[in-house]
1. Can you list the strands (runs of 3 or more DSSP E) found entirely within the range 159-266 that contain at least 3 residues being of a type in the set (S, T, N, Q), modelled with pLDDT of 95 or more and surrounded by 21 or more Cβ atoms within 10 Å (Cβ to Cβ)?
2. For the range 345-378, which positions are touching a Lys or Arg at 6+ places or on another chain (Cβ under 6 Å) and within 15 Å of ligand 1 (Cβ to nearest atom)?
3. Being closer than 17 Å to MET275 by Cα, within 16 Å of ligand 3 (Cβ to nearest atom) and not in a strand (DSSP E or B) is the filter here; which residues of the range 423-432 pass it?
4. Listed residues GLY315, GLY335, GLY339; which is in contact with a helix residue (DSSP H, G or I) (Cβ under 8 Å, 6 or more places away or on another chain), small (Gly, Ala, Ser), away from ligand 2 (no atom under 16 Å from the Cβ) and assigned to a loop (DSSP other than H, G, I, E, B)?
5. Among the residues in the range 287-295, are any modelled with pLDDT of 95 or more, of a type outside the set (A, V, I, L, M), exposed (fewer than 15 other Cβ atoms within 10 Å of the Cβ) and under 23 Å from the mean Cα position of the chain (by Cα)?
6. If I filter the range 341-367 down to residues being among the aliphatic types (A, V, I, L, M) and in contact with a Pro (Cβ under 9 Å, 6 or more places away or on another chain), which single residue comes out as surrounded by the most Cβ atoms within 10 Å (Cβ to Cβ)?
7. Take the range 109-140 and flag every residue that is part of a loop (DSSP other than H, G, I, E, B), β-branched (Val, Ile, Thr) and out of contact with any helix residue (DSSP H, G or I) (no Cβ under 8 Å at 6 or more places or on another chain).
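The values are calculated or read from the model by the stated rules, or taken from the named source; none is laboratory data. As the structure is a computational prediction, the values presented were derived from the model and not from experiment. Glycine gets a Cβ as well: all are built from the backbone with ideal geometry, and neighbour counts include every protein chain shown.
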Amino acid sequence: MSATLYQQQREHIASLQRAYQQCLANHQLDSLAIYSGHARNHFADDHATSFQSYGHFIHWVGMADVQHSWLVIQSNQRPQLYLYTPADFWHLPTQLPEEPWVAEFDVHLCSDKITPPLSGRAAVIGDVTELESAAQLANVATLQPEALVRELDELRMTKSAYEIACLREANRLAVAGHQAANAAFIGAAAELDVQLAYLAASRQRESEVPYQNIIGLNEHAGVLHYQHYDLSAPKQRYSLLVDAGRRFRGYCADITRTYTGPDAPSEFGALITAMHSLKDELIAHIAPGVDFVALHEKMHQGLADILVAHGLYNGSAESAVEAGITRAFYPHGLGHSLGIQVHDVAGLRQPDGTPSPAPNAHPALRLTRPLQPGMVVTIEPGLYFIPMLLAPLRNQSHPVNWTLVDQLAVCGGIRIEDNILVTDSGSDNLTQ
Ligand code: GLY
Ligand code: MN
Ligand code: MN
(Lines give C-alpha, C1' and ligand atoms only; values in the text may rest on other atoms or scores of the structure.)
(Ligands and ions follow the chains in the order given, each with its own letter.)
Protein backbone atom coordinates (compact mmCIF):
# COMPACT_ATOMS: atom_id res chain seq x y z
CA MET A 1 0.00 0.00 0.00
CA SER A 2 1.52 3.33 -1.02
CA ALA A 3 2.28 5.92 1.66
CA THR A 4 -0.23 8.27 0.04
CA LEU A 5 -3.06 5.73 -0.03
CA TYR A 6 -2.23 4.78 3.57
CA GLN A 7 -2.52 8.38 4.71
CA GLN A 8 -5.61 9.00 2.57
CA GLN A 9 -7.37 6.04 4.17
CA ARG A 10 -6.59 7.32 7.65
CA GLU A 11 -8.03 10.72 6.71
CA HIS A 12 -11.08 9.04 5.14
CA ILE A 13 -11.79 7.16 8.39
CA ALA A 14 -11.19 10.26 10.51
CA SER A 15 -13.59 12.28 8.38
CA LEU A 16 -16.20 9.48 8.49
CA GLN A 17 -15.88 9.48 12.27
CA ARG A 18 -16.57 13.23 12.39
CA ALA A 19 -19.48 12.99 9.96
CA TYR A 20 -21.09 10.08 11.81
CA GLN A 21 -20.69 11.86 15.14
CA GLN A 22 -22.57 14.79 13.64
CA CYS A 23 -25.29 12.43 12.32
CA LEU A 24 -25.69 10.82 15.74
CA ALA A 25 -26.08 14.27 17.27
CA ASN A 26 -28.52 15.41 14.54
CA HIS A 27 -30.74 12.40 15.24
CA GLN A 28 -30.31 12.38 19.03
CA LEU A 29 -28.70 8.94 18.99
CA ASP A 30 -26.12 7.42 21.30
CA SER A 31 -25.31 4.42 19.13
CA LEU A 32 -25.77 3.13 15.62
CA ALA A 33 -25.29 -0.48 14.51
CA ILE A 34 -24.62 -1.20 10.84
CA TYR A 35 -25.24 -4.78 9.74
CA SER A 36 -23.04 -6.20 6.96
CA GLY A 37 -25.86 -8.41 5.65
CA HIS A 38 -25.50 -12.05 4.68
CA ALA A 39 -26.13 -14.24 1.65
CA ARG A 40 -29.32 -16.30 1.33
CA ASN A 41 -29.23 -19.94 0.36
CA HIS A 42 -30.99 -21.08 -2.78
CA PHE A 43 -34.40 -22.41 -1.86
CA ALA A 44 -34.18 -25.88 -0.26
CA ASP A 45 -30.43 -25.98 -0.81
CA ASP A 46 -27.27 -25.36 1.19
CA HIS A 47 -25.57 -23.13 -1.38
CA ALA A 48 -25.82 -19.37 -1.22
CA THR A 49 -26.67 -16.79 -3.84
CA SER A 50 -24.17 -14.07 -4.72
CA PHE A 51 -23.65 -11.44 -2.07
CA GLN A 52 -22.41 -7.91 -1.50
CA SER A 53 -22.13 -6.28 1.93
CA TYR A 54 -24.31 -3.28 2.80
CA GLY A 55 -22.96 -0.07 1.28
CA HIS A 56 -22.74 1.85 4.55
CA PHE A 57 -20.73 -1.03 6.05
CA ILE A 58 -18.34 -1.03 3.07
CA HIS A 59 -17.96 2.75 3.43
CA TRP A 60 -15.92 2.07 6.60
CA VAL A 61 -14.18 -1.24 6.02
CA GLY A 62 -13.81 -1.40 2.22
CA MET A 63 -14.60 -5.13 2.06
CA ALA A 64 -17.57 -6.06 -0.10
CA ASP A 65 -17.91 -9.70 0.97
CA VAL A 66 -18.16 -9.56 4.78
CA GLN A 67 -21.20 -11.36 6.22
CA HIS A 68 -22.94 -11.74 9.61
CA SER A 69 -20.85 -8.87 11.03
CA TRP A 70 -21.65 -5.60 12.76
CA LEU A 71 -20.12 -2.18 13.00
CA VAL A 72 -21.21 -0.12 16.00
CA ILE A 73 -20.65 3.64 16.03
CA GLN A 74 -21.18 5.40 19.36
CA SER A 75 -20.80 9.00 20.34
CA ASN A 76 -17.23 9.87 21.25
CA GLN A 77 -15.91 6.31 21.05
CA ARG A 78 -13.80 4.29 18.64
CA PRO A 79 -15.75 2.28 16.07
CA GLN A 80 -16.43 -1.27 17.21
CA LEU A 81 -16.26 -3.99 14.58
CA TYR A 82 -17.81 -7.36 15.43
CA LEU A 83 -16.41 -9.56 12.69
CA TYR A 84 -17.93 -13.00 12.24
CA THR A 85 -15.02 -15.46 12.15
CA PRO A 86 -16.40 -18.88 13.04
CA ALA A 87 -14.17 -21.85 13.78
CA ASP A 88 -14.86 -23.52 10.45
CA PHE A 89 -12.81 -26.13 8.63
CA TRP A 90 -15.09 -25.92 5.55
CA HIS A 91 -14.29 -22.28 4.80
CA LEU A 92 -11.52 -19.79 5.38
CA PRO A 93 -12.79 -17.19 7.88
CA THR A 94 -12.65 -13.52 6.86
CA GLN A 95 -9.08 -12.19 7.08
CA LEU A 96 -8.46 -8.62 8.11
CA PRO A 97 -6.44 -6.65 5.55
CA GLU A 98 -3.19 -4.89 6.42
CA GLU A 99 -4.76 -1.46 6.15
CA PRO A 100 -4.72 1.48 8.57
CA TRP A 101 -8.45 1.40 9.27
CA VAL A 102 -7.96 -1.78 11.28
CA ALA A 103 -5.92 0.14 13.88
CA GLU A 104 -8.65 2.78 14.18
CA PHE A 105 -11.29 0.21 15.21
CA ASP A 106 -11.73 -2.07 18.20
CA VAL A 107 -12.04 -5.37 16.38
CA HIS A 108 -13.89 -8.23 18.07
CA LEU A 109 -13.53 -11.59 16.37
CA CYS A 110 -16.80 -13.45 16.96
CA SER A 111 -17.10 -17.19 16.61
CA ASP A 112 -20.92 -16.90 16.80
CA LYS A 113 -23.45 -14.70 15.05
CA ILE A 114 -24.00 -11.96 17.60
CA THR A 115 -26.59 -9.34 18.43
CA PRO A 116 -24.74 -6.02 18.64
CA PRO A 117 -24.48 -4.35 22.05
CA LEU A 118 -26.39 -1.06 21.92
CA SER A 119 -26.51 1.63 24.54
CA GLY A 120 -28.85 4.58 25.08
CA ARG A 121 -30.92 5.79 22.16
CA ALA A 122 -30.00 3.46 19.32
CA ALA A 123 -30.62 2.82 15.65
CA VAL A 124 -29.90 -0.18 13.45
CA ILE A 125 -29.40 -0.03 9.70
CA GLY A 126 -28.91 -2.80 7.16
CA ASP A 127 -30.92 -5.81 6.05
CA VAL A 128 -31.92 -7.34 9.39
CA THR A 129 -35.36 -8.54 8.31
CA GLU A 130 -34.51 -12.25 8.39
CA LEU A 131 -32.37 -12.19 11.54
CA GLU A 132 -33.68 -14.17 14.48
CA SER A 133 -32.79 -11.14 16.60
CA ALA A 134 -34.83 -8.69 14.49
CA ALA A 135 -37.69 -8.43 16.99
CA GLN A 136 -35.25 -8.10 19.88
CA LEU A 137 -33.40 -5.32 18.04
CA ALA A 138 -36.67 -3.53 17.30
CA ASN A 139 -37.32 -3.40 21.06
CA VAL A 140 -34.13 -1.50 21.81
CA ALA A 141 -33.49 0.46 18.61
CA THR A 142 -35.15 2.20 15.69
CA LEU A 143 -34.70 0.03 12.61
CA GLN A 144 -33.66 1.70 9.35
CA PRO A 145 -34.70 5.27 10.27
CA GLU A 146 -35.32 6.93 6.92
CA ALA A 147 -34.01 10.41 7.69
CA LEU A 148 -30.77 9.04 9.13
CA VAL A 149 -30.19 6.70 6.18
CA ARG A 150 -30.80 9.63 3.80
CA GLU A 151 -28.16 11.65 5.62
CA LEU A 152 -25.67 8.76 5.47
CA ASP A 153 -26.46 8.28 1.76
CA GLU A 154 -25.66 11.94 1.25
CA LEU A 155 -22.20 11.39 2.79
CA ARG A 156 -21.47 8.98 -0.07
CA MET A 157 -22.35 11.44 -2.82
CA THR A 158 -19.04 13.34 -2.73
CA LYS A 159 -15.93 11.24 -2.48
CA SER A 160 -12.88 11.68 -0.25
CA ALA A 161 -9.37 11.71 -1.74
CA TYR A 162 -9.07 8.08 -0.61
CA GLU A 163 -12.26 7.05 -2.36
CA ILE A 164 -11.19 8.81 -5.55
CA ALA A 165 -7.86 6.95 -5.44
CA CYS A 166 -9.78 3.66 -5.08
CA LEU A 167 -12.09 4.50 -7.99
CA ARG A 168 -9.06 5.42 -10.12
CA GLU A 169 -7.39 2.09 -9.30
CA ALA A 170 -10.62 0.18 -10.04
CA ASN A 171 -10.63 1.91 -13.43
CA ARG A 172 -6.99 1.06 -14.11
CA LEU A 173 -7.66 -2.63 -13.44
CA ALA A 174 -10.87 -2.62 -15.51
CA VAL A 175 -9.14 -0.96 -18.46
CA ALA A 176 -6.68 -3.89 -18.59
CA GLY A 177 -9.72 -6.18 -18.83
CA HIS A 178 -11.23 -4.12 -21.64
CA GLN A 179 -7.99 -4.27 -23.63
CA ALA A 180 -7.94 -8.06 -23.29
CA ALA A 181 -11.63 -8.25 -24.29
CA ASN A 182 -10.90 -6.30 -27.46
CA ALA A 183 -7.96 -8.59 -28.26
CA ALA A 184 -10.19 -11.63 -27.76
CA PHE A 185 -12.76 -10.17 -30.15
CA ILE A 186 -10.07 -9.61 -32.79
CA GLY A 187 -9.18 -13.28 -32.28
CA ALA A 188 -12.77 -14.29 -33.14
CA ALA A 189 -13.72 -15.40 -29.64
CA ALA A 190 -17.17 -16.35 -28.37
CA GLU A 191 -18.86 -14.20 -25.71
CA LEU A 192 -17.70 -16.58 -22.97
CA ASP A 193 -14.10 -16.33 -24.19
CA VAL A 194 -14.31 -12.52 -24.10
CA GLN A 195 -15.67 -12.73 -20.54
CA LEU A 196 -12.87 -15.07 -19.42
CA ALA A 197 -10.22 -12.89 -21.08
CA TYR A 198 -11.70 -9.85 -19.31
CA LEU A 199 -11.72 -11.55 -15.90
CA ALA A 200 -8.15 -12.85 -16.29
CA ALA A 201 -6.69 -9.50 -17.35
CA SER A 202 -8.59 -7.50 -14.73
CA ARG A 203 -7.56 -10.05 -12.04
CA GLN A 204 -10.91 -11.00 -10.55
CA ARG A 205 -13.22 -13.98 -10.30
CA GLU A 206 -16.78 -13.75 -11.57
CA SER A 207 -18.33 -13.62 -8.09
CA GLU A 208 -16.36 -10.44 -7.34
CA VAL A 209 -17.48 -8.29 -10.28
CA PRO A 210 -19.46 -5.22 -9.17
CA TYR A 211 -22.22 -6.10 -11.66
CA GLN A 212 -22.66 -8.92 -14.15
CA ASN A 213 -20.45 -8.05 -17.11
CA ILE A 214 -22.43 -7.29 -20.26
CA ILE A 215 -20.64 -8.91 -23.20
CA GLY A 216 -22.75 -8.81 -26.32
CA LEU A 217 -21.73 -9.83 -29.83
CA ASN A 218 -23.79 -8.61 -32.80
CA GLU A 219 -27.51 -8.09 -31.98
CA HIS A 220 -26.78 -8.81 -28.31
CA ALA A 221 -25.01 -5.42 -28.16
CA GLY A 222 -28.49 -3.92 -28.40
CA VAL A 223 -29.82 -5.73 -25.31
CA LEU A 224 -29.11 -3.13 -22.64
CA HIS A 225 -28.41 -5.55 -19.77
CA TYR A 226 -27.66 -8.66 -21.85
CA GLN A 227 -27.01 -11.43 -19.34
CA HIS A 228 -25.73 -14.52 -21.22
CA TYR A 229 -22.37 -15.62 -22.59
CA ASP A 230 -22.74 -17.67 -25.77
CA LEU A 231 -20.33 -20.58 -25.89
CA SER A 232 -19.61 -20.45 -29.60
CA ALA A 233 -18.50 -17.59 -31.81
CA PRO A 234 -20.96 -16.41 -34.46
CA LYS A 235 -20.01 -16.92 -38.12
CA GLN A 236 -20.37 -13.21 -38.86
CA ARG A 237 -18.67 -10.74 -36.55
CA TYR A 238 -20.38 -7.38 -36.73
CA SER A 239 -19.83 -5.87 -33.29
CA LEU A 240 -18.89 -6.35 -29.66
CA LEU A 241 -20.16 -4.33 -26.69
CA VAL A 242 -18.39 -4.83 -23.35
CA ASP A 243 -19.83 -3.13 -20.25
CA ALA A 244 -17.66 -4.45 -17.44
CA GLY A 245 -16.19 -3.26 -14.17
CA ARG A 246 -13.93 -4.05 -11.27
CA ARG A 247 -13.93 -3.33 -7.56
CA PHE A 248 -10.98 -1.96 -5.64
CA ARG A 249 -11.46 -1.88 -1.84
CA GLY A 250 -15.20 -1.89 -2.43
CA TYR A 251 -15.23 0.93 -5.02
CA CYS A 252 -16.53 0.20 -8.50
CA ALA A 253 -15.46 0.93 -12.04
CA ASP A 254 -18.23 0.84 -14.68
CA ILE A 255 -16.78 1.10 -18.19
CA THR A 256 -18.25 0.36 -21.62
CA ARG A 257 -16.59 0.06 -25.00
CA THR A 258 -18.03 -0.97 -28.36
CA TYR A 259 -16.01 -2.36 -31.26
CA THR A 260 -16.77 -2.86 -34.92
CA GLY A 261 -16.11 -6.28 -36.45
CA PRO A 262 -14.86 -7.32 -39.90
CA ASP A 263 -18.37 -8.01 -41.21
CA ALA A 264 -20.04 -4.77 -40.07
CA PRO A 265 -21.36 -2.16 -42.53
CA SER A 266 -18.68 0.55 -42.79
CA GLU A 267 -21.03 3.15 -41.28
CA PHE A 268 -20.96 1.31 -37.95
CA GLY A 269 -17.29 2.13 -37.32
CA ALA A 270 -17.96 5.77 -38.20
CA LEU A 271 -20.86 5.83 -35.72
CA ILE A 272 -18.63 4.42 -32.95
CA THR A 273 -16.08 7.19 -33.62
CA ALA A 274 -18.88 9.78 -33.49
CA MET A 275 -20.14 8.39 -30.17
CA HIS A 276 -16.64 8.61 -28.67
CA SER A 277 -16.54 12.27 -29.72
CA LEU A 278 -19.98 12.91 -28.25
CA LYS A 279 -18.87 11.30 -24.96
CA ASP A 280 -15.78 13.56 -24.86
CA GLU A 281 -17.84 16.63 -25.73
CA LEU A 282 -20.27 15.92 -22.87
CA ILE A 283 -17.38 15.36 -20.45
CA ALA A 284 -15.94 18.73 -21.49
CA HIS A 285 -19.16 20.33 -20.18
CA ILE A 286 -18.84 18.79 -16.72
CA ALA A 287 -18.21 21.34 -13.98
CA PRO A 288 -19.61 22.24 -10.56
CA GLY A 289 -23.16 23.53 -10.80
CA VAL A 290 -23.95 21.79 -14.10
CA ASP A 291 -27.48 20.39 -14.14
CA PHE A 292 -27.22 16.67 -15.00
CA VAL A 293 -30.72 16.62 -16.50
CA ALA A 294 -29.66 19.41 -18.86
CA LEU A 295 -26.53 17.43 -19.74
CA HIS A 296 -28.71 14.39 -20.48
CA GLU A 297 -30.81 16.57 -22.80
CA LYS A 298 -27.62 17.79 -24.45
CA MET A 299 -26.79 14.14 -25.11
CA HIS A 300 -30.10 13.83 -27.01
CA GLN A 301 -29.24 16.87 -29.12
CA GLY A 302 -25.79 15.44 -29.86
CA LEU A 303 -27.30 12.09 -30.75
CA ALA A 304 -29.78 13.80 -33.09
CA ASP A 305 -26.88 15.55 -34.85
CA ILE A 306 -25.20 12.15 -35.30
CA LEU A 307 -28.39 10.54 -36.68
CA VAL A 308 -28.64 13.36 -39.24
CA ALA A 309 -24.91 13.49 -40.11
CA HIS A 310 -24.78 9.72 -40.71
CA GLY A 311 -27.93 9.56 -42.81
CA LEU A 312 -30.07 7.70 -40.30
CA TYR A 313 -32.55 10.57 -40.08
CA ASN A 314 -33.39 12.86 -42.98
CA GLY A 315 -35.05 15.67 -41.01
CA SER A 316 -33.72 18.34 -38.70
CA ALA A 317 -31.89 17.40 -35.52
CA GLU A 318 -34.41 19.48 -33.52
CA SER A 319 -37.33 17.48 -34.90
CA ALA A 320 -35.57 14.20 -34.07
CA VAL A 321 -35.46 15.23 -30.42
CA GLU A 322 -38.94 16.74 -30.32
CA ALA A 323 -40.60 13.74 -31.97
CA GLY A 324 -38.95 11.30 -29.53
CA ILE A 325 -36.82 9.68 -32.24
CA THR A 326 -33.64 9.96 -30.16
CA ARG A 327 -35.40 8.33 -27.21
CA ALA A 328 -36.17 5.28 -29.35
CA PHE A 329 -32.46 5.03 -30.25
CA TYR A 330 -31.34 5.78 -26.68
CA PRO A 331 -33.76 4.72 -23.93
CA HIS A 332 -31.54 4.96 -20.83
CA GLY A 333 -30.00 7.75 -18.77
CA LEU A 334 -26.76 9.59 -19.50
CA GLY A 335 -25.20 8.34 -16.29
CA HIS A 336 -25.37 7.87 -12.55
CA SER A 337 -23.40 8.40 -9.39
CA LEU A 338 -20.65 5.81 -8.95
CA GLY A 339 -18.98 4.63 -5.76
CA ILE A 340 -19.53 1.69 -3.43
CA GLN A 341 -22.54 0.79 -5.55
CA VAL A 342 -22.43 0.91 -9.32
CA HIS A 343 -25.67 2.87 -9.25
CA ASP A 344 -24.75 4.74 -6.11
CA VAL A 345 -27.19 6.18 -3.61
CA ALA A 346 -28.82 9.63 -3.44
CA GLY A 347 -28.86 10.33 -7.18
CA LEU A 348 -32.58 11.13 -7.17
CA ARG A 349 -32.45 13.60 -4.27
CA GLN A 350 -31.43 17.19 -3.92
CA PRO A 351 -28.55 17.84 -1.48
CA ASP A 352 -31.04 18.77 1.25
CA GLY A 353 -32.65 15.33 0.92
CA THR A 354 -35.83 16.35 -0.92
CA PRO A 355 -36.89 13.89 -3.64
CA SER A 356 -35.82 14.76 -7.16
CA PRO A 357 -37.38 12.12 -9.40
CA ALA A 358 -36.43 11.54 -13.02
CA PRO A 359 -38.39 13.74 -15.44
CA ASN A 360 -41.35 12.06 -17.15
CA ALA A 361 -39.65 12.25 -20.54
CA HIS A 362 -36.52 10.47 -19.22
CA PRO A 363 -37.75 7.97 -16.61
CA ALA A 364 -34.54 5.89 -16.67
CA LEU A 365 -32.30 8.77 -15.57
CA ARG A 366 -30.68 7.90 -12.20
CA LEU A 367 -29.09 11.27 -11.41
CA THR A 368 -31.05 14.51 -11.39
CA ARG A 369 -29.07 16.77 -9.10
CA PRO A 370 -26.56 19.49 -9.95
CA LEU A 371 -22.93 18.36 -10.09
CA GLN A 372 -20.59 19.34 -7.29
CA PRO A 373 -16.85 18.83 -6.73
CA GLY A 374 -16.04 15.34 -5.45
CA MET A 375 -18.94 13.63 -7.19
CA VAL A 376 -18.02 10.73 -9.48
CA VAL A 377 -20.45 10.02 -12.28
CA THR A 378 -20.60 7.89 -15.38
CA ILE A 379 -21.08 9.42 -18.81
CA GLU A 380 -22.54 6.78 -21.10
CA PRO A 381 -24.02 7.96 -24.37
CA GLY A 382 -25.38 5.27 -26.68
CA LEU A 383 -27.11 4.52 -29.96
CA TYR A 384 -29.03 1.25 -30.25
CA PHE A 385 -31.09 -0.56 -32.86
CA ILE A 386 -33.69 -2.11 -30.56
CA PRO A 387 -36.52 -3.61 -32.67
CA MET A 388 -39.09 -3.29 -29.87
CA LEU A 389 -38.51 0.47 -29.53
CA LEU A 390 -38.16 1.22 -33.24
CA ALA A 391 -41.24 -0.78 -34.36
CA PRO A 392 -43.83 1.83 -33.27
CA LEU A 393 -41.98 4.52 -35.29
CA ARG A 394 -42.17 2.52 -38.51
CA ASN A 395 -45.91 3.13 -38.88
CA GLN A 396 -45.44 6.87 -38.52
CA SER A 397 -44.22 9.29 -41.13
CA HIS A 398 -40.85 10.21 -39.59
CA PRO A 399 -37.98 10.63 -42.07
CA VAL A 400 -35.99 7.73 -40.61
CA ASN A 401 -33.74 5.93 -43.10
CA TRP A 402 -35.13 2.46 -42.40
CA THR A 403 -32.92 0.85 -45.05
CA LEU A 404 -29.79 1.97 -43.19
CA VAL A 405 -31.34 1.14 -39.80
CA ASP A 406 -32.06 -2.38 -41.01
CA GLN A 407 -28.51 -2.78 -42.33
CA LEU A 408 -27.05 -1.69 -38.99
CA ALA A 409 -29.48 -3.69 -36.83
CA VAL A 410 -27.16 -6.73 -36.96
CA CYS A 411 -24.63 -4.65 -34.95
CA GLY A 412 -27.09 -4.24 -32.04
CA GLY A 413 -25.88 -0.91 -30.76
CA ILE A 414 -23.18 1.26 -29.30
CA ARG A 415 -22.46 2.43 -25.76
CA ILE A 416 -19.31 4.25 -24.63
CA GLU A 417 -18.97 4.82 -20.88
CA ASP A 418 -16.30 6.60 -18.82
CA ASN A 419 -16.11 7.39 -15.09
CA ILE A 420 -15.67 11.09 -14.35
CA LEU A 421 -14.67 12.98 -11.22
CA VAL A 422 -16.15 16.46 -10.88
CA THR A 423 -13.36 18.82 -9.79
CA ASP A 424 -13.37 22.45 -8.59
CA SER A 425 -12.61 23.67 -12.10
CA GLY A 426 -14.14 21.00 -14.35
CA SER A 427 -13.55 17.26 -14.45
CA ASP A 428 -10.97 14.50 -14.33
CA ASN A 429 -11.53 11.37 -16.41
CA LEU A 430 -10.72 8.33 -14.27
CA THR A 431 -11.04 6.03 -17.32
CA GLN A 432 -7.77 6.56 -19.14
N1 GLY B 1 -23.26 -1.32 -16.11
C2 GLY B 1 -24.49 -0.73 -15.75
C3 GLY B 1 -24.54 0.68 -16.12
O4 GLY B 1 -23.79 1.12 -16.96
O5 GLY B 1 -25.26 1.44 -15.58
MN1 MN C 1 -23.16 2.91 -15.87
MN1 MN D 1 -21.95 0.24 -17.46
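1. On the way: elements: 214-217, 239-248, 251-260.
By residue number, 251-260.
2. VAL345, GLY347, VAL376, listed by residue number.
3. At the first step, the residues of the range 423-432 found to be closer than 17 Å to MET275 by Cα are 429, 431-432.
Now drop any that are not within 16 Å of ligand 3 (Cβ to nearest atom), which leaves 429, 431.
Matches in the range 423-432: THR431 only.
4. Values: GLY335 fails: away from ligand 2 (no atom under 16 Å from the Cβ); GLY339 fails: away from ligand 2 (no atom under 16 Å from the Cβ).
It is GLY315.
5. Filtering the range 287-295 for residues modelled with pLDDT of 95 or more gives 287-295.
Narrowing further to those that are of a type outside the set (A, V, I, L, M): 288-289, 291-292.
Pick out the ones that are also exposed (fewer than 15 other Cβ atoms within 10 Å of the Cβ) and you get 289, 291.
Add one more test, that the residue is under 23 Å from the mean Cα position of the chain (by Cα), and what stays is 289, 291.
There is at least one residue in the range 287-295 that is modelled with pLDDT of 95 or more, of a type outside the set (A, V, I, L, M), exposed (fewer than 15 other Cβ atoms within 10 Å of the Cβ) and under 23 Å from the mean Cα position of the chain (by Cα).
6. Filtering the range 341-367 down to residues among the aliphatic types (A, V, I, L, M) leaves 342, 345-346, 348, 358, 361, 364-365, 367.
Then keep just the ones that are in contact with a Pro (Cβ under 9 Å, 6 or more places away or on another chain); that gives 342, 348, 364-365.
Values: VAL342: 17, LEU348: 16, ALA364: 14, LEU365: 21.
Among those residues, the one meeting the criterion is LEU365.
7. Within the range 109-140, ILE114, THR129 meet the criteria.
Residue-wise test of (1) aliphatic (A, V, I, L, M); (2) at pLDDT below 95.
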position	(1), (2)
VAL72	yes, no
GLN80	no, no
PHE105	no, no
ASP112	no, no
PRO116	no, no
THR129	no, yes
